[in-house]
Amino acid sequence: MKPVAIGTVVSERRQHQWDGWQDHRSEIHVFPQYADGLEGVEAVSHILVVYAMDTGGKVRLKVTPQGKPTSPTVGLFASRCPWRPTPIGVTTVKLLSVEGSVLQVEGLDAVHGTQVLDIKPHWPQYDGGAAPRYPPWVEDLEF
């Protein structure tokens, strides 16, 4: 079964930027046929948004995260680089409000018009709660 979009991102952001997205507010407009699936989502503080990235067809197996000279070249799957064989993005965002089929969120790194493929509640049992481990160079990236 091919993934189906359930909604779109409405945002002032028209192009991806490395900085400032964590505080950026945007909306997810869920299509009417999927609106009933939002029942109860307002009870959670954070959701995972799964979306289709527009990468222009680029795929890179080795990347330097954010092109920063202080970042090492690593394999694609050790990074959050968008140039993937299957360009799917996943971001955990703060859910600010739900009004009908419109979700107000904070911290979504997708641009205006991005197709949303799924929305899931953030639950620590599934999405981690222990202190994660990551390489030191991640601290130098812009968030």
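Net charge in the neighbourhood of LEU96 (other residues with Cβ under 11 Å of its Cβ; Lys, Arg +1, Asp, Glu -1) is -2. Only lysine pairs 8 or more places apart or on separate chains count here, and in the chain those with Cα atoms under 24 Å apart total 4.
Using the Cα coordinates of the chain, the gyration tensor eigenvalues translate into equivalent-ellipsoid semi-axes of 27, 18, 15 Å, sorted from longest to shortest. Positive-end ranking of GLY75, GLN125, THR91 along the dipole of region 60-143, with charges on Cβ about the Cα centre, is headed by GLY75. Once the Cβ-Cβ distance of LEU96 and VAL138 is raised to the sixth power relative to R0 = 22 Å, the FRET efficiency obtained is 0.25.
In this Cβ point-charge picture (+1 for Lys and Arg, -1 for Asp and Glu), the chain has a dipole of about 760 debye about its Cα centre. Amide H to amide H distances under 5 Å link HIS24 with GLY107, where only residues 5 or more positions off or on other chains count and H is placed in the peptide plane. The GLU42 and ALA5 beta-carbon pair, evaluated with R₀ = 22 Å, returns a calculated FRET efficiency of approximately 0.50.
Once you have a ≥ b ≥ c as the square roots of the Cα gyration tensor eigenvalues for region 72-136, tell me rounded if a/c is under 1.5, and otherwise prolate or oblate according to whether a/b is larger than b/c. It is oblate, given that a/c is not under 1.5 and a/b is not larger than b/c.
We did not get these values from a lab; they are worked out from the coordinates using the rules stated. Quantities reported herein were computed from a predicted structural model and do not represent experimental measurements. As a convention, Cβ positions derive from the backbone with ideal geometry for all residues, glycine included, and neighbour counts pool all protein chains shown.
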